[in-house]
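The values are calculated or read from the model by the stated rules, or taken from the named source; none is laboratory data. Here the structure is a predicted model, which means the values were calculated and not measured. Positions of Cβ are generated from backbone atoms using ideal geometry, with glycine treated the same way; all protein chains shown enter the neighbour counts.
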Amino acid sequence: MIDLQRHFLFRKILKYIKKYDTIIIARHIGADPDALGSQFALREIIKNKYPNKEVYAVGNPSSRFRFMGELDKIDDVLYDNSLLIVLDTPDIKRIDINNFDSYKNIVKIDHHPVIDEYANIEIVDDGSSSTCQLILEFVFSNNLKINDSIAKNLYLGIVSDTGRFMHDYTSFKTFELVTKLLKKTNIDFTSLYEPLYMRPLSEVRFQGYIFENMTVTENGVGYIKITDDLLKEFNVDTASAGNIISELKCINEIIIWAFLTEDKKNNLIRVNIRSRGPVINEMVSKYGGGGHKFASGARLSDWDLASDLVDDLDNLALEYNKNNSK
Ligand code: AMP
């Protein structure tokens, strides 16, 4: 069944896009396949529909996902008469753009719980599996053309954010939209998994180290402190933990798990947290972080805070176990 209100909101966004000659598409810092896939797909969708518009996808690149497309470099001039579309980003502080304040006309499309309301038009659905799924809805609501490269980027974003259709928020609607996408384009989707999931042996060995050495509390919190020295020893970078975190989803003894990674260059500790029971994002927001109910992150200034966070996670697990013991 079509949700008419939403359908009209997607139509309204297209009308808004039509008004501007220059469109800048941004997303969150720490680019991932959902953010990049939605960005590249939307750039192409708009270019196909309006070949004379200038459309730019901006933000810091990620070498790992370069196969998905190339980002644009633009000057930080005032963009009074441009439209900024921000994808996959609930808060202003995490938008990967320097001159956010210069934009007066902003659209937000996101699937995270709301943090800041910063746009003139916002489509936010934290029940959607991914931002790529929302872009797919936008395409179908407006009868827009879709080609193979658009389809591949949207598929990659959905597959990646749902953990190959496993995580929470993968829904009937996700499958319905993806089926429609595949029927329309007939892309060779199984060939997309290899570039998405290929990784160096050093990272796999690092994963082995994590499995061997993480601490697991009595209440079911698995965590590990990853120092800069350890990253150097395994020849991996600070982003590696984020690539591994989902691998701990199906371990009997663990219901919440966290990687605490030292980022020496930026003088902070990056935290990746996942849960398969307790809701974590509200507690994590106390530490300036956020995210989804069962997938959150934060950036901390020191190891003491990291210990406090682990204690808070342990309390969440304790409470959860109390309420869910048979
Ligand atoms: P990650 O572990 O980096 O994959 O992040 C999981 C989720 O938490 C994503 O939805 C992010 O948007 C969110 N997240 C990660 N880091 C932060 C942060 N420093 N502040 C707010 N949200 C974050």
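How about segment 252-309: which of its residues are charged (D, E, K, R), in contact with a strand residue (DSSP E or B) (Cβ under 6 Å, 6 or more places away or on another chain) and within 13 Å of the ligand (Cβ to nearest atom)? If the condition is that a residue be charged (D, E, K, R), in contact with a strand residue (DSSP E or B) (Cβ under 6 Å, 6 or more places away or on another chain) and within 13 Å of the ligand (Cβ to nearest atom), then D263, R270, R274, R299 are the ones that fit. Scanning segment 126-156 for residues that are within 16 Å of the ligand (Cβ to nearest atom) and in contact (Cβ under 8 Å) with a residue 60 or more places away in the chain, we see that the one that is farthest from G69 (Cα to Cα) is D126. G288 passes all but one of (1) within 20 Å of D161 (Cβ to Cβ); (2) of a type outside the set (D, E, K, R); (3) surrounded by fewer than 17 Cβ atoms within 10 Å (Cβ to Cβ); which number fails? Of (1) within 20 Å of D161 (Cβ to Cβ); (2) of a type outside the set (D, E, K, R); (3) surrounded by fewer than 17 Cβ atoms within 10 Å (Cβ to Cβ), only one is false for G288: (1). Output yes when any residue across segment 186-193 is more than 16 Å from the ligand (Cβ to nearest atom), modelled with pLDDT of 95 or more and touching a strand residue (DSSP E or B) at 6+ places or on another chain (Cβ under 8 Å), and no when none is. No; the residues of segment 186-193 include none that is more than 16 Å from the ligand (Cβ to nearest atom), modelled with pLDDT of 95 or more and touching a strand residue (DSSP E or B) at 6+ places or on another chain (Cβ under 8 Å). Report whether or not I92 is touching a Phe, Trp or Tyr at 6+ places or on another chain (Cβ under 7 Å), modelled with pLDDT of 95 or more and within 12 Å of the ligand (Cβ to nearest atom). Here the answer is yes, as I92 does meet what is asked. Of the residues making up segment 24-79, those that are within 16 Å of the ligand (Cβ to nearest atom), part of a loop (DSSP other than H, G, I, E, B) and of a type in the set (G, A, S) are G30, A31, G59, S62.
For I158, the conditions (1) surrounded by 15 or more Cβ atoms within 10 Å (Cβ to Cβ); (2) among the β-branched types (V, I, T); (3) assigned by TED's automatic domain parsing to the domain that holds W257 all hold with the exception of (3).
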